[in-house]
Amino acid sequence: MEITKRQMDIVTAAITIIAQKGYEKLTTKNLAAHLELTEAALYRHFDSKHDLIEMILCYFEWRSCQVIQEIKDENLNPTECIRRFVQNRYRMFEEQPDLAQVMFSEELFKNDPSFREQLLSIMHIHRDEVVSYIQAGQQQGEIRADLNPIQLFRIVVGSMRLVVTQWNLSNRVFPLYKEGCETLDTIIKLIEVKP
């Protein structure tokens, strides 16, 4: 992904504004004030609010694809691939809590079909990758073969979404990574083949 440092600063500021004040408050005026720039300076980097939101989604997709590639490069067993994928999400969201709030926000994606399509595309990348880990685990006898891989993906990722949402709504009073990993460990115990 090609992004300049200034564009990344703008993306980060936009994520903060959306997370803390809502999508409607993401205006060039508010963004410029947050960054201590002129509104004209913002337009040198992004043509519109729409382009900026697309860049936020591209950034999230880029981060996701980096992790997927790292998992492939490490040649892990399928269960460990699932674990690493989910742990990375918890780490990323704990490090960037505003990103977690934005990516799990319905508000951002309900107003523009292209945003929904872009987010759905990212979700499909995640689904395809995690389902491939599950199927490999089933073929290797690590994961119960009587369970539907798509449903298992929904359980794994759906539980992650719930934990992150609870964390956000509770003003982040519990350690996200620790709680998320404990939830994942429980799911893995339920789906793994017992010796």
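Per-residue answers, yes or no, for (1) modelled with pLDDT under 85; (2) under 19 Å from I10 (Cα atoms):
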site: N30; (1), (2): no, yes
site: K49; (1), (2): yes, yes
site: I71; (1), (2): no, no
site: N77; (1), (2): no, no
site: R84; (1), (2): no, no
site: Q87; (1), (2): no, no
site: Y90; (1), (2): no, no
site: E94; (1), (2): no, no
site: P97; (1), (2): no, yes
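Spot the failing condition for M92; the list is (1) aliphatic (A, V, I, L, M); (2) closer than 25 Å to E182 by Cβ; (3) in a helix (DSSP H, G or I); (4) over 14 Å from the mean Cα position of the chain (by Cα), and only one is missed.
All conditions are met except number (4).
Which members of the range 13-27 meet the condition of being assigned to a helix (DSSP H, G or I) and free of Cβ contacts under 8 Å to residues at least 60 places away in the same chain?
Listed by number, the residues that qualify are A13, A14, I17, K21, E24, K25.
Please work out which residue is modelled with the lowest pLDDT, limiting yourself to the range 167-195 and to residues that are assigned to a helix (DSSP H, G or I) and loosely packed, with under 14 Cβ neighbours inside 10 Å. Outline the logic, then answer.
Kept after step one, since they are assigned to a helix (DSSP H, G or I), are these residues of the range 167-195: 167-169, 176-191.
Applying the additional criterion that residues be loosely packed, with under 14 Cβ neighbours inside 10 Å yields 169, 178, 182, 185-186, 189-190.
Numbers: L169: 91, K178: 97, E182: 98, D185: 97, T186: 97, K189: 96, L190: 96.
Filtering the range 167-195 for residues that are assigned to a helix (DSSP H, G or I) and loosely packed, with under 14 Cβ neighbours inside 10 Å, the one modelled with the lowest pLDDT comes out as L169.
Out of the residues in the range 97-119 that are assigned to a helix (DSSP H, G or I) and under 12 Å from the mean Cα position of the chain (by Cα), which is surrounded by the fewest Cβ atoms within 10 Å (Cβ to Cβ)? Don't jump to the end; show me each part of the working.
At the first step, the residues of the range 97-119 found to be assigned to a helix (DSSP H, G or I) are 97-103, 106-110, 113-119.
Narrowing further to those that are under 12 Å from the mean Cα position of the chain (by Cα): 97-103, 119.
Working: P97: 18, D98: 18, L99: 21, A100: 24, Q101: 22, V102: 23, M103: 22, L119: 16.
By that ranking, first place goes to L119.
Please go through the range 62-81 and give me each residue that is outside any helix (DSSP H, G or I) and touching a residue at least 24 places away in the same chain (Cβ under 8 Å), ordered by number.
Across the range 62-81, the qualifying residue is only N77.
Mind checking which residues of the range 28-61 are in a loop (DSSP other than H, G, I, E, B), surrounded by 13 or more Cβ atoms within 10 Å (Cβ to Cβ) and either aromatic (F, W, Y) or free of Cβ contacts under 8 Å to residues at least 24 places away in the same chain (or both)?
L37, F46
The values are calculated or read from the model by the stated rules, or taken from the named source; none is laboratory data. Treat the numbers as computed from the prediction; the structure is a model and nothing was measured. No Cβ is skipped: glycine too gets one built from the backbone with ideal geometry, and neighbour counts run over all protein chains shown.
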